[in-house]
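Contents: one structure, followed by commentary.
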Amino acid sequence: MHFSDVVVEHIDDQQFKNNDVRLNVLRLDKIHPVVSGNKWFKLKYYLQQAVEEKYASVATFGGAFSNHILAAAYACNKLHIKSIGFIRGEEPQHYSQTLLDAQALGMQLEFVSREAYQNKREIIQSNDELYFIPEGGYGSTGVKGAKEITQLVTDLSTYNYIVCAVGTGTMLSGIILNAFPQQECIGISVMKNNLSLQEEINSLLNSKDRGKFKLLHNYHFGGYAKHTTALIDFMNYMWAEHYLPLDFVYTAKALFAVYDLLKKKYFKPTSKILFIHSGGLQGNRSLKKRTL
Ligand SMILES: *Cc1c(COP(=O)(O)O)cnc(C)c1O
């Protein structure tokens with residue numbers, strides 16, 4: 001892991017200059033080429049607890065392209081703990097690159113039908129020798145680690161807006177808890193109509209921080225892990241113009257939203273935006289060759 005490689009980069013883009021707005025990106029994707037991003041932070045205290053409580057194996061849940069599954073497999077491999085991934089859906093004939101990598105890191109893969117996957121509690125109860133990390137690291141233990149993300153930014157107080165992609169909202173919760181009172185935290189939901197998110201995030205916050213964030217639901221590009229040509233064009237633009245690699249599931253949608261909000265004059269002139277690049281680049285391997 002290369003936490004020292006995490007930097008805040010300025011995106012020198014004429015569109016932002018024209019509006020007198022400054023855009024900086026926290027490059028969590030630089031932590032590791034495959035297992036990058038926010039997942040490390042969210043896993044950290046769950047794994048610490050598993051070790052302290054002397055569990056021999058850690059288990060968690062995710063889909064066939066899940067960044068969380070791969071990060072968990074990698075972290076458990078490093079810690080020499082056995083890992084088990086309960087994967088949503090029947091066993092595929094051809095494993096995704098994500099699953100192949102997780103397996104190569106020693107993770108035992110258990111495929112569960114979509115119905116059984118809905119009922120995770122049953123899986124947890126019938127495997128009480130395993131330490132279970134919730135799907136996506138959702139929970140207060142995940143938030144505790146996510147709070148450390150913005151601690152990497154030495155001039156955090158100088159930003160007016162902090163923007164990140166939202167799946168479970170665990171990362172956003174950590175950011176909100178660490179934000180300064182004058183800052184606006186904006187989360188871009190990557191799922192379609194995931195309207196329970198507001199409450200799920202509030203339940204991770206203490207009463208003083210509840211509701212002190214904005215969730216935007218109109219940048220899902222068709223739904224979770226769906227994409228459009230506009231999104232792919234934007235990813236190619238960011239790479240060609242700014243050498244900024246984005247993943248199509250999370251960070252491309254969230255940064256597209258930042259550009260769109262800029263066009264709509266959402267950001268105050270002279271303000272400064274911190275965009276969290278939460279990693280996830282390994283997921284792009286599921287795109288057809290030559291898309292990017
Ligand atoms: C998992 C993930 C997210 C979402 O994080 P949550 O804490 O679940 O909201 C965002 N970006 C990337 C790249 C991710 O892998």
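Derivation of every value follows stated rules applied to the coordinates shown; laboratory data play no part. Quantities reported herein were computed from a predicted structural model and do not represent experimental measurements. Glycine also receives a Cβ, built like all others from the backbone with ideal geometry; neighbour counts cover every protein chain displayed.
Values computed for the structure shown
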quantity: Cα-based shape type of the stretch 38-140, given that a ≥ b ≥ c are square roots of the gyration tensor eigenvalues and the cut on a/c is 1.5; calculated: oblate
quantity: Prolate/oblate/rounded call for the chain, Cα gyration tensor, a/c under 1.5 rounded; calculated: prolate
quantity: Neighbour-count ranking [beta-carbon atoms within 10 angstrom, fewest first] of Tyr74, Tyr95; calculated: Tyr95, Tyr74
quantity: Residue pairs, from the table Lys268/Lys288; Lys212/Lys288; Lys54/Lys147; Lys42/Lys265; Lys39/Lys214; Lys39/Lys272, whose Cα atoms sit over 28 Å apart; calculated: Lys268/Lys288; Lys212/Lys288; Lys42/Lys265
quantity: Potential lengthening between Lys268 and Gln14 on full extension [0.36 nm per residue; Cα-Cα distance subtracted]; calculated: 89.8 nm
quantity: Rounded to 10°, Cα long-axis angle of helix 67-79 versus longest principal axis of the chain; calculated: 60
quantity: Over the stretch 38-140, relative contact order from alpha-carbon pairs under 8 Å, at least 6 apart, %; calculated: 35
quantity: Taking the chain and dividing mean pair separation by its residue count, relative contact order in percent (alpha carbons under 8 Å, at least six apart); calculated: 24
quantity: Hits among aspartates and glutamates - C-alpha to C-alpha of Lys44 under 15 Å, sequence gap 8 or more where chains match; calculated: Glu52, Glu53, Glu135, Glu148
quantity: Helix 251-263 vs. the chain, principal-axis angle (Cα, 0 to 90°, nearest 10); calculated: 20
quantity: Label point at Lys120 placed 7 Å out along Cα→Cβ; residues across the stretch 61-78 whose backbone nitrogen lies under 17 Å; calculated: 61-73
quantity: Asn206-Gln103 pseudo-label distance in nm [points 7 Å out on the Cα-to-Cβ vector]; calculated: 4.6
quantity: Between helix 39-52 and the chain: long-axis angle, C-alpha atoms, 0 to 90°, nearest 10; calculated: 40
quantity: Prolate/oblate/rounded call for the stretch 9-89, Cα gyration tensor, a/c under 1.5 rounded; calculated: prolate
quantity: Alpha-carbon centroids, the stretch 1-31 and the stretch 267-292: separation in whole Å; calculated: 11
quantity: Between the stretch 105-124 and the stretch 190-249, the Cα center-to-center distance that results, in Å; calculated: 26
quantity: Neighbour-count order for Lys42, Lys214, fewest beta carbons within 10 angstrom listed first; calculated: Lys214, Lys42
